[in-house]
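Novice: Here it is, the structure, as structure tokens.
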Amino acid sequence: SSMFLRSPGPMGRALGRAWPARRGGPVRWLTTSRPSLDGEGVDPNLRWKKQYFDFKAFREQLVEKKRALEHAEDREIRRAYAPPAPEGWTVERFLTEMKYGDGYEQVAESFESWEDFISCTPLDLHRVEMPTRKRQRVALHIDLFLRGLWPRNPEDEFPEEFRGKQPEKAGQAWTKEEDAKLLEWAEYYDADFGNPWLYISFEMQRTQDEVEDRYHDLVTKPRLKNQECELAITKAARPLLMNRRFRLLPPNLFVVPTEEHFRVCKASFEVPAGLKEFRRPECFAPDV
């Protein structure tokens, strides 16, 4: 009969199995390719291959996934806010106007709608089969269309397209209530400092020129008319001659206001007593 011996090694302790041995001969201990729990006494080549977590690849996949989600979200937003096509335009008409050439029908069939075409980016165009040079021209014309630079409008439509919105009371006659309100805003924004006409024009719903001209009519011109002006021109204002061919100073131009708009002071010039001996009569007018 066979005699069973229990393996005293780690494999026997781990598996708890009995191994047969022949009577009258040497005992042969049998092993298996399955590693033990502690790994002692087992051929290293028979162990399980160690596995490691590749954190670098995991991080790259996360970044790529996030980039793809951001691109998809941006594409949906661009599709929702895509500008409408001009009257009578389709994707095929767009490609025809930009002179795409042969094969524009196959390119137009790659897009489901006008919004899907006009909202695509250069990255999206790489998914459509077309030559590289034509792909670049399509991306360029889409960008120009979104900026309003293509197709070009007739010249007579440019003023209407870029003209700003006129204020509500532009060109209307001024009333006493508006004049009083203008003086209040001029005092609030300090009309004597800087350029407050932009803010006042917004408050009055009039153009800047109307507000500034009206303020000058109400305040500036009456104030200047009540002031007196003095003007004195002597021989010192003549150009200084360095030689007979060259003048150091150019001749001066004097703008003299008339008495119709500005009151002129009466001449009341008197030379101090200590300077009378130096007075030169030829430098002054006879009545001074």
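The values are calculated or read from the model by the stated rules, or taken from the named source; none is laboratory data. Just so we're clear, the structure is a prediction, and the values are computed from it rather than from any experiment. Cβ: placed from backbone, ideal geometry, glycine included. Neighbour counts: every protein chain shown. In case anyone asks, the SASA skips ligands and DNA or RNA and just uses the protein heavy atoms, side chains included. Shrake-Rupley method; radii C 1.70, N 1.55, O 1.52, S 1.80 Å.
Novice: So if I check each of 172, 136, 166, which one is exposed (fewer than 14 other Cβ atoms within 10 Å of the Cβ), farther than 27 Å from residue 206 by Cβ and polar (S, T, N, Q)?
Specialist: So the residue among 172, 136, 166 that is exposed (fewer than 14 other Cβ atoms within 10 Å of the Cβ), farther than 27 Å from residue 206 by Cβ and polar (S, T, N, Q) is 136.
Novice: If you check residue 92 against the conditions, is it surrounded by 11 or more Cβ atoms within 10 Å (Cβ to Cβ), closer than 29 Å to residue 151 by Cα and among the acidic types (Asp, Glu)?
Specialist: yes
Novice: Could you please give the count of residues in the stretch 188-207 that are among the aliphatic types (A, V, I, L, M), in a helix (DSSP H, G or I) and closer than 17 Å to residue 217 by Cβ?
Specialist: To start, the set of residues in the stretch 188-207 that are among the aliphatic types (A, V, I, L, M) comprises 191, 198, 200, 204.
Filter again for in a helix (DSSP H, G or I), leaving 198, 200, 204.
Cutting the leftovers down to closer than 17 Å to residue 217 by Cβ gives us 200, 204.
Total meeting the criteria: 2.
Novice: Please state which one of 97, 105, 115, 87 is open to solvent by less than 100 Å² (accessible area, probe 1.4 Å), free of Cβ contacts under 8 Å to residues at least 40 places away in the same chain, under 30 Å from residue 161 (Cβ atoms) and of a type in the set (Asp, Glu).
Specialist: Numbers: 97 fails: free of Cβ contacts under 8 Å to residues at least 40 places away in the same chain; 105 fails: under 30 Å from residue 161 (Cβ atoms); 87 fails: open to solvent by less than 100 Å² (accessible area, probe 1.4 Å).
None of the others qualify; the one that does is 115.
Novice: Those residues that are of a type outside the set (A, V, I, L, M, F, W, C) and over 30 Å from the mean Cα position of the chain (by Cα), I need them from the stretch 190-202; list them, please.
Specialist: 190, 192
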